[in-house]
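So the structure is just underneath, and the comments pick up after that.
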Amino acid sequence: STLFFTIKEVKAQNKFHIEINGGYVLQGPSQGIMNAGKNAWALGFNTSYAVLPEIRINLLTEFYNFPNYTAFTSGVTPVLTDNATYNSSTVQKTSAKVYQISLGITFKSLASMKFQPFVSVYSGVYFFRNVIYDYANYWSRGPDHVDITLPTGKESVSLIRGFASVALGFQIPVASRFAINLQGAYSLTFDSAYKLQDFIPVLIGLEYSF
């Protein structure tokens, strides 16, 4: 009983928790802001305080990076010059980055010391930054082969949207102060119906308690 009391006493002192996480972000069916066509990788940092052994208050920051993707390609148009005839098309590529900061609360089950399910609810803001690049392609397939891509424009669009999310996951303690967290979440922005944006991040993190 003395050993059990000592372990419980040490755990009670671990009020603060920090976590580094990363993973993959899927886009949900509502793509009113991004419409990116590709999914993203994520990197984040979570700080939490245990108000009770089963309840934590969280401050979460995340970064989503969506790779460049082709959003639009026009049809082929002949271009006549004094010396040759070329084909041309217009291509629009987009890259997107999303920054998240939010507050949340986590409820964790302590029924097992090896596998601890939890549910979290968050609310905060997303900072969206979409960069749109326009290119013109020129090419010919004759003896004087030409294949040129020229940038013709660049546009940056920045938006801020509030959001709410719910996450389900589990924690696996691996040492007295370290644990591995695995979670999946669903996030949806606050906006009019046709502009809603949702994400489904799947994250794995390493947590340290002190």
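The values are calculated or read from the model by the stated rules, or taken from the named source; none is laboratory data. Values in this document were obtained by computation on a predicted structure and should not be read as measured data. In this analysis, Cβ positions are derived from the backbone assuming ideal geometry, glycine residues included, and neighbour counts consider all displayed protein chains. Protein only, heavy atoms only, side chains kept; ligands, DNA and RNA dropped before computing areas. Shrake-Rupley method; radii C 1.70, N 1.55, O 1.52, S 1.80 Å.
For the reader, a short list of remarks on this structure follows.
- Full extension of the segment from VAL174 to TYR186, taken as 0.36 nm per residue of separation minus the current Cα-Cα distance, would add 1.6 nm.
- The charge dipole of region 98-210, taken about its Cα centre with unit charges on the Cβ of Lys, Arg, Asp and Glu (plus for the first two, minus for the last two), comes to roughly 500 debye.
- For SER88, the accessible area of its heavy atoms, probed at 1.4 Å with every protein chain present, is near 20 square angstrom.
- Accessible area of VAL25 (1.4 Å probe, protein heavy atoms only, ligands and nucleic acids ignored): about 0 Å².
- Rg then Dmax, both in Å and based on the Cα atoms of region 171-210: 15.7, 48.
- Inter-label distance, nm, simple model (7 Å from Cα along the C-beta direction), SER158/TYR24: 3.2
- TYR135/ILE200 FRET efficiency (R0 30 Å; Cβ-Cβ; nearest 0.05): 0.45
- Between GLU54 and any residue 5 or more places off or on another chain, the built amide H atoms are never under 5 Å apart.
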